[in-house]
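Notes to accompany the following structure.
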Amino acid sequence: MKLQCDVEVVNRMLPTFGMKSRGKGARAVISIGKHLDKTSQRSNIYMMICTAKDRAGSKYKLKDNIEKFFTWFVEEGKATVRLKEPAVDICLSKADANSLKNFLSAARLADKGSDTSSLPLSTLTPVRAREVEQPKKKLTIVSKKDYPLTSNFPYSLEQLQVSYCKLSRVDMRMLSLKALRKLDLSNNHIKKLPATIGDLSCLSELVLHNNHLEAFSEALCLSTLQHTLQLLDLSQNRLRSLPAQFCQLRELVNLKLDDNEMICLPFHIGRLWRLRFLSAPNNQLAVLPADFRKLNLESLDLFGNPFVQPNPLDHTMKLTFPVPLQELASRAVVNLRIPYGPHLIPAHLCRDLEVAKTCDCGRVCISFYIKTAVSMNLHQVSHTVVLVDDMGGTHAPVQQHFCSLSCYSEFLDSSLQRGIR
């Protein structure tokens, strides 16, 4: 029976001498096994604690020698074993909860002197240095010759950077690192992301700068990344658009889309209500989505995009008369906030409802509308704005939709009056 964890051995006599323990555990391997007692020449069950400073280990007799177990926080991987002789408390922490429970059960049986044949005993031998190393939390690999081909990545990693290794795909071994918080795969040749990246339930930063990505999958947008991802760097790839579901990543704070081939931003980008930093220079954006007005940013960079010069008279007419019944019914569902889902209506109608456009009048339109573009000062949505062109401008065109001819006419009248003033 072996257990890897942090251990602090606290002498209960220290306060008597006006001293106290240092209060910090060391990485250790604890074993329970038989050891020959030189005094009695009999084998007894001992607990042996091996650390980096004491790889040979210190042994503690267990039979009739445990005064008490403290297990209030065993589910958090913490427990304390109080020995009678010597008068020490063995404080265990950062252990796997299930392994710790099994270990404590074995220690209880050894203390009671139960039949040793039922105990999973270990050989009490010195440990190897790597067994008592502190768990590695950060690893940086920036050369292909340093990339591990035969060994796994340390299970305890929280930050992993693998750059300049010419990876054409994401190594599946990385996706077993359940503690991973930051994954940096910049400067590789990755073309596609596996949906299983979404299984990294702690991932808050994903850096994919300078790869060959052509898409960001819907599956990733609907994975656990919805609840954890705060920084996403997709700059210098080959992206032309992002899926409508992208705006499910509502914890995003920082989004980088620099130097792609983006022709549009996500339709519902305004739903990224935590977003504070948006960078999308040097793309192919001609106009911004209507939802862009809902953003509340600290920094915005849209330099080098071929924005069109908006003219309210230039419009796209997708309105027929009379308006189809399906369109009227769909509008009613959204305007009246009637619950819907694929269990109630066909899935394609659900998808249409998800991209409902809001008219100037406050009502919505689905597939039948009039569309134009208006100029917006980007300082309305961001405290800091990088100039959008070499002329020092901070205005950009934003889409606007109208549910009827009368709404569009009212908009033109008000635009004309503002122009006259």
Specify the residue that is nearest to the chain's Cα centre (by Cα); the eligible residues are those in the stretch 153-170 that are modelled with pLDDT under 90 and surrounded by 14 or more Cβ atoms within 10 Å (Cβ to Cβ). Leu157
Counting only residues that are under 18 Å from Ala28 (Cβ atoms), of a type in the set (A, V, I, L, M, F, W, C) and either open to solvent by 60 Å² or more (accessible area, probe 1.4 Å) or not in a helix (DSSP H, G or I) (or both), how many does the stretch 74-101 have? 8
Being touching a residue at least 24 places away in the same chain (Cβ under 8 Å) and closer than 28 Å to Leu416 by Cβ narrows it down to one residue among Leu313, Leu295, Leu265, Leu300; which is it? Leu313
Looking at Ala219, Ala290, Ala280, Ala215, which is the one that is surrounded by 20 or more Cβ atoms within 10 Å (Cβ to Cβ), over 30 Å from Ser404 (Cβ atoms) and not acidic (Asp, Glu)? Ala280
For the stretch 7-46, how many residues are modelled with pLDDT under 80 and assigned to a loop (DSSP other than H, G, I, E, B)? 12
Which one of these is surrounded by fewer than 16 Cβ atoms within 10 Å (Cβ to Cβ), part of a strand (DSSP E or B) and without any contact (Cβ under 8 Å) to a residue 40 or more places away in the chain: Thr150, Thr140, Thr196? Thr140
Would you check if Val334 is surrounded by 11 or more Cβ atoms within 10 Å (Cβ to Cβ) and either free of Cβ contacts under 8 Å to residues at least 40 places away in the same chain or hydroxyl-bearing (Ser, Thr, Tyr) (or both)? yes
Against the conditions (1) out of contact with any Asp or Glu (no Cβ under 8 Å at 6 or more places or on another chain); (2) at pLDDT below 95; (3) part of a loop (DSSP other than H, G, I, E, B), where does Leu220 fall short? Just the number, please. (3)
Within the stretch 357-391, work out how many residues are touching a Cys at 6+ places or on another chain (Cβ under 7 Å), in a loop (DSSP other than H, G, I, E, B) and not acidic (Asp, Glu). 2
Enumeration of residues in the stretch 389-410 that are open to solvent by 10 Å² or more (accessible area, probe 1.4 Å), in contact with a Leu (Cβ under 8 Å, 6 or more places away or on another chain) and among the aliphatic types (A, V, I, L, M): Leu405
Every pair of residues 6+ apart whose Cβ atoms lie under 6 Å, when the first sits in the stretch 203-229 and is at positive phi while the second is open to solvent by less than 60 Å² (accessible area, probe 1.4 Å): Asn210/Ser186; Asn210/Asn187
Consider the stretch 358-373. How many of its residues are buried (at least 17 other Cβ atoms within 10 Å of the Cβ) and more than 24 Å from His348 (Cα to Cα)? 2
Picking from Leu121, Leu185, Leu104, the residue that is farther than 25 Å from Asn211 by Cα and modelled with pLDDT of 90 or more would be Leu104
Matching residues in the stretch 231-243 - criterion: being buried (at least 18 other Cβ atoms within 10 Å of the Cβ) and under 19 Å from the mean Cα position of the chain (by Cα): Leu232, Asp233, Leu234, Ser235, Leu242
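The values are calculated or read from the model by the stated rules, or taken from the named source; none is laboratory data. This is a predicted model, so every value here is computed, not measured. Quick reminder, even Gly has a Cβ in these numbers, built from the backbone with ideal geometry, and neighbours come from all protein chains shown. Remember, those area values only see protein heavy atoms, side chains included, never the ligands or the DNA or RNA. Shrake-Rupley method; radii C 1.70, N 1.55, O 1.52, S 1.80 Å.
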